[in-house]
Amino acid sequence: MTDVRGIGMTSQRTRLRLIERLKADGIGDERVLQAMTDTPRHLFVDEALAHRAYEDTALPIGFNQTLSRPYIVARMTELVLQHGAPNRILELGTGSGYQTAILSNLVGEIYSVERIKPLLDKARARLRQLRIRNVRCKHGDGFEGWAEFAPFDVILSAAAPESVPEILLSQLAPGGILLLPVGGDSQKLVLVRSTPDGFEETVIEDVLFVPMRGGVQR
Ligand code: SAH
């Protein structure tokens, strides 16, 4: 049984080293750094990889997918919080559930969609183990958003479409933001804000995410 508190498996020192590294890389929001300190990343990967969980690196989670590197999780979370105190968030690409767990500390309600069923099942089990209760997950295609619970203050994607999907824009609340990687071989992290005058797009930085794929996988 893996220790929920992460004692033994990964020392407190190893974890704090990651936090120092994130600070050095420009993550300044204390709320984000605290959430990253408190969330046991090693529980979101297979036990064989747990010893690498506090390195600033992406890690495989099976099905050709990866848990994003801590820096990008922190950066995206920081951008979400800069936008205010979002109540309702839609996350596309639950994956391991790690980004979901980080967000659950900081925002009201999270709706999270994953297209690969076995990944979603594992993520759900982890969130339950950590007693995270403000998350609702669904096996589905993120390209469709989640109309039932729209509009969202924030929509955040961990998978990259070739261009910004119109449907997602239509599920944003007034003033809401869509934060997502866009592109194929060369991707940019893009923030789209819904304003009274239309959608305003800001390019944040170069990134590398897995592609967003349509349909679902059982
Ligand atoms: N936030 C995740 C990152 C997982 S990688 C984590 O912290 O672990 C991105 C995930 O997006 C993968 O699990 C992939 O299956 C999923 N994905 C890709 N296209 C999708 C789509 N159309 N709808 C929902 N999820 C999708």
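Annotations
- His139 contributes an accessible area of around 40 Å² to the protein surface, as traced by a 1.4 Å probe with all chains present.
- Förster radius 30 Å - calculated FRET efficiency between Thr57 and Asn105 (Cβ-Cβ, nearest 0.05): 0.85
- Max mean-square fluctuation residue, GNM over the chain, Cα-Cα springs under 10 Å, options Glu109, Glu201, Glu78: Glu201
- Nearby aspartates and glutamates by direct alpha-carbon distance to Lys122 (threshold 16 angstrom, same-chain neighbours under 8 apart not counted): Asp46, Glu47, Glu114
- Extreme residue, positive dipole direction of the chain, given options Thr14, Gln129, Leu90 (C-beta unit charges): Gln129
- Magnitude of the charge dipole for the stretch 8-207, about its Cα centre and with charges confined to Cβ atoms of Lys, Arg (+1) and Asp, Glu (-1), is about 1020 debye.
- Taking Pro40, Pro70, Pro60 in turn, the Gaussian network model of the chain (Cα-Cα springs below 10 Å) assigns the largest fluctuation to Pro60.
- Using a Förster distance of 35 Å, the FRET efficiency for Val216-Asp38 (Cβ separation, nearest 0.05): 0.65
- Descending Cα extents along the principal axes, the chain, whole Å: 53, 39, 35
- At least 24 Å along the helix axis (C-alpha) and Kyte average at least 0.5, DSSP helices within the chain: none
- Sparsely packed trypsin sites (Lys or Arg not before Pro) within the stretch 36-127, loop by DSSP, other Cβ within 10 Å at most 14: none
- Accessible surface of the chain, 1.4 Å probe: 48 percent of it comes from carbon and sulfur atoms.
- For a label point 7 Å along the Cα-to-beta-carbon line of Asn64, residues of the stretch 108-148 with backbone N under 14 Å: 116
- Seen from Leu120, the other residues with C-beta closer than 9 Å to its C-beta sum to a net charge of +3, counting Lys and Arg as +1 and Asp and Glu as -1.
- Between Gln129 and Ala173, the contour length at 0.36 nm per residue exceeds the Cα-Cα span by 12.7 nm.
- log₁₀ of I(q)/I(0) at q = 0.18 Å⁻¹ - the stretch 134-218, Debye sum with one point per alpha carbon: -0.78
- Rough spin-label spacing in nm, given labels placed 7 Å along Cα→Cβ, for Glu144 and Arg31: 3.2
- Placed amide H near Ala160: partners under 5 Å, 5+ positions off or other chain: Val210, Met212
- Proximal charge balance of Gly26 [Cβ under 13 Å; K/R count +1, D/E count -1]: -3
- Among Thr57, Thr77, Thr94, residue whose mean-square fluctuation peaks in a GNM of the chain (springs only between Cα atoms under 10 Å): Thr57
- Spacing of the two label points (7 Å from each Cα toward its C-beta) at Asp197 and Arg136, in nm: 3.6
The values are calculated or read from the model by the stated rules, or taken from the named source; none is laboratory data. Treat the numbers as computed from the prediction; the structure is a model and nothing was measured. Cβ: placed from backbone, ideal geometry, glycine included. Neighbour counts: every protein chain shown. These accessible areas exclude ligands, DNA and RNA; they are computed on the full protein's heavy atoms, side chains included. Shrake-Rupley method; radii C 1.70, N 1.55, O 1.52, S 1.80 Å.
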